[in-house]
1. Pairing the Cα long axis of helix 158-173 with the longest principal axis of the chain, what angle in degrees results, from 0 to 90 and rounded to the nearest 10?
2. Could you work out how far helix 122-144 tilts from the main Cα principal axis of the chain, as a 0 to 90 degree angle to the nearest 10?
3. With percent of Cα pairs over 28 Å apart as the read-out, I listed [x] 47; [y] 20; [z] 27; which label goes with the value calculated from this structure?
4. Pick out, from Phe129, Ser92, His24, the residue whose Cα sits farthest towards the positive end of the charge dipole of the chain, with +1 on the Cβ of Lys and Arg and -1 on the Cβ of Asp and Glu.
5. Would you calculate the separation in nanometres between label points at Asp57 and Thr96, each defined as 7 Å from the Cα along the Cα-to-beta-carbon direction?
6. What does the extension gain come out to for His24 and Phe129, with contour length at 0.36 nm per residue minus their alpha carbon separation?
7. Taking the Cα centre of the chain as origin, work out the dipole magnitude from +1 charges on Lys and Arg Cβ and -1 charges on Asp and Glu Cβ, in debye rounded to 20.
8. What's the exposure ranking of Phe117, Phe148, going from fewest to most Cβ atoms within 10 Å?
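No value in this document is a laboratory result; all are computed from the given coordinates. Everything quoted here is computed from the prediction, not taken from an experiment. As a convention, Cβ positions derive from the backbone with ideal geometry for all residues, glycine included, and neighbour counts pool all protein chains shown.
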Amino acid sequence: MATYTVTHKQVIQNVAIVQLLQEHQIEVGQSVTLSGMGSPFDGARVVTGLPHYLLVDVSDQGDPIYDIDGPIYLNQVQFSLTTADVQRQAASGTATYTLTCTWMTLAQLEKYLGITFTNPSVDYDRATFSVNAANQFAYRRRQESGYFDASLSTVPSADVLLGTIMYAGALYREAGSIDQFASFDPLATGAPTGGSMGQILRLLGCNRPQVA
């Protein structure tokens, strides 16, 4: 979670813009939560644009028009807001950007591993940590590879789901080991636990060539 300070606000024909003090990693299609600004700004807002120029009008087709010959305004976040026009002015408040991915569940990890975890127990807690970490890892790696999945709660596809579950399973099973899964065979040499990472990344759609 990241929280940014709001410095300015503006609304023209239901197109709203807030300017943030800090540089951010927010992308179009993601959600930010505004607070401390008062009604009607406060609430969860879906980002529709990240303009670098002053919003001056909205066309008859609903397209924002910017003053591209004017000064550059950094860290602006644009979204739809049905309210009266607000001239660009100083504002106070915060914008919170939270990514909590819930693509897979503990029950799915249990089915994959063939284990039922007892709650409460150390194994249950460790499995929960693995599920949460795998969800965040899968979403972040896809984002780094150019995918901006619209939903943090609905997995994009079956292959991405399996890749996320496989990674959670690897995290759970490698706990307490140095570089490989534990073995009871005194002659076993073992294999690094990361051996399935290539398959996991393929299922997530990461590290593939980017083509137009």
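1. It works out to around 60 degrees.
2. Tilt of helix 122-144: around 50 degrees.
3. Correct label, based on the coordinates given: [x].
4. Phe129
5. So the two model labels end up 3.9 nm from each other.
6. Details: separation 105, 0.36 × 105 = 37.80 nm, distance 2.71 nm.
Length gained between His24 and Phe129: 35.1 nm.
7. Working: 11 positive and 18 negative charges, 81 e Å.
So the magnitude is around 380 debye.
8. Values: Phe117 19, Phe148 11.
The most exposed by this proxy come first: Phe148, Phe117.
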